[in-house]
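Encoded as structure tokens, the structure appears first; notes follow it.
The values are calculated or read from the model by the stated rules, or taken from the named source; none is laboratory data. Remember, it's a predicted structure, so these values are computed and weren't measured experimentally. FYI the Cβ positions are ideal-geometry reconstructions off the backbone, even for glycines, and counts take in every protein chain you see.
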Amino acid sequence: MWKSKLTSIISGFGLISTWSDESLFLNTEKSLPIYVHVNNGFIISYMLKWSADKILINQTDLFTRLLQQFNMDECKPVKTPCSGNFLNELESGTSGQVFDAILFQQAIGSINYLAHHTWPDILFTINQLSQYSTKPHPCHWNGLQHLSRYLKGSKDKSLIYNRCTTKDILIIWADADYANVKDDRKSITGYVILAFGNPVFWLSKKESVVAQSTTEAEYITMNICMKQLQWITLFLKTWVMEIFNPYYTTTIQELLQSQSKHC
């Protein structure tokens, strides 16, 4: 109701909601943008530091409260989000004693929120752990504790958004980990999209279908990336920002013609 009312009021001033993002309103000359959002700065707990050439973003205060909530504020920091034998440890510990599912889900949800906002480097680890949310075991809680110890060691670090110094408007780094999941042999897709040299979208998730080869897994990853890239391109065009550069992609595995005919 409030959205319809607000839209009608703003439209009365000659601004139109853009189809790429209904929260963005522009006048016909596209010289006056208005972005409508709920004032939730306290809820998301962003810490912003501004300077002439960059912005630093972190959620250190929120994470500190989470450590206290889960009685881990005295834990010792580690240098990596997960152990070297992380996946095997998760899969081998799915029998025996069951851990407190509610506590595990609360911790997973809280850290997953951080991963999607200011901690992209933990997204793979938290996604793997979240697959055991319905029936976690002590080994899965241990993996979550290890991740929390890593976050404590890097809590003073921030995402840095620098003033644009590159001619490349959009750059994507993407890869696929073929048949990573032993239970169903599905691959893992991962990517980060840079706009003007700064990270704006990142993803790490299990692919929805079983790839028949590394090549096919890479194609699935590129397909996921291109869908997101299309939306970003259209959003930028809303601001009269034409992107003339073609899309290029490189993968670690060479996409051989004989392997890609069935894709």
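Here are some notes:
- Those residues of segment 50-80 which are touching a strand residue (DSSP E or B) at 6+ places or on another chain (Cβ under 9 Å) and not aliphatic (A, V, I, L, M), in sequence order: TRP50, ASP53, LYS54, ASN58, GLN59, THR60, ASP61
- Of all residues in segment 138-159, those satisfying the criterion of being among the aliphatic types (A, V, I, L, M) and either over 22 Å from ILE188 (Cα atoms) or assigned to a loop (DSSP other than H, G, I, E, B) (or both) are LEU151, LEU159.
- Failed condition for LYS135, given (1) part of a loop (DSSP other than H, G, I, E, B); (2) within 23 Å of the chain's Cα centre (by Cα); (3) among the basic types (Lys, Arg): (2)
- Candidates are the residues of segment 93-109 that are crowded, with 17+ Cβ neighbours inside 10 Å and in contact with a Phe, Trp or Tyr (Cβ under 8 Å, 6 or more places away or on another chain); the one that is farthest from HIS140 (Cα to Cα) is ALA107.
- Among the residues here, SER23 does not qualify as at pLDDT 90 or above and small (Gly, Ala, Ser).
- You will find that of LEU66, LEU90, LEU114, the residue that is out of contact with any Lys or Arg (no Cβ under 9 Å at 6 or more places or on another chain), surrounded by 15 or more Cβ atoms within 10 Å (Cβ to Cβ) and under 17 Å from THR134 (Cβ atoms) is LEU90 and no other.
- Condition check for LYS135: over 30 Å from ASP183 (Cα atoms) and either surrounded by 14 or more Cβ atoms within 10 Å (Cβ to Cβ) or in contact (Cβ under 8 Å) with a residue 12 or more places away in the chain (or both): no
- Subset of segment 1-18 (residues that are assigned to a loop (DSSP other than H, G, I, E, B), surrounded by 10 or more Cβ atoms within 10 Å (Cβ to Cβ) and either out of contact with any helix residue (DSSP H, G or I) (no Cβ under 8 Å at 6 or more places or on another chain) or at pLDDT below 80 (or both)): PHE13, GLY14, LEU15
- Every condition in (1) surrounded by 13 or more Cβ atoms within 10 Å (Cβ to Cβ); (2) among the acidic types (Asp, Glu); (3) under 30 Å from ALA101 (Cβ atoms) is met by ASP21 except one, and the failing one is (3).
- The lone exception for PRO199 - which of (1) crowded, with 17+ Cβ neighbours inside 10 Å; (2) not in a loop (DSSP other than H, G, I, E, B) it fails: (1)
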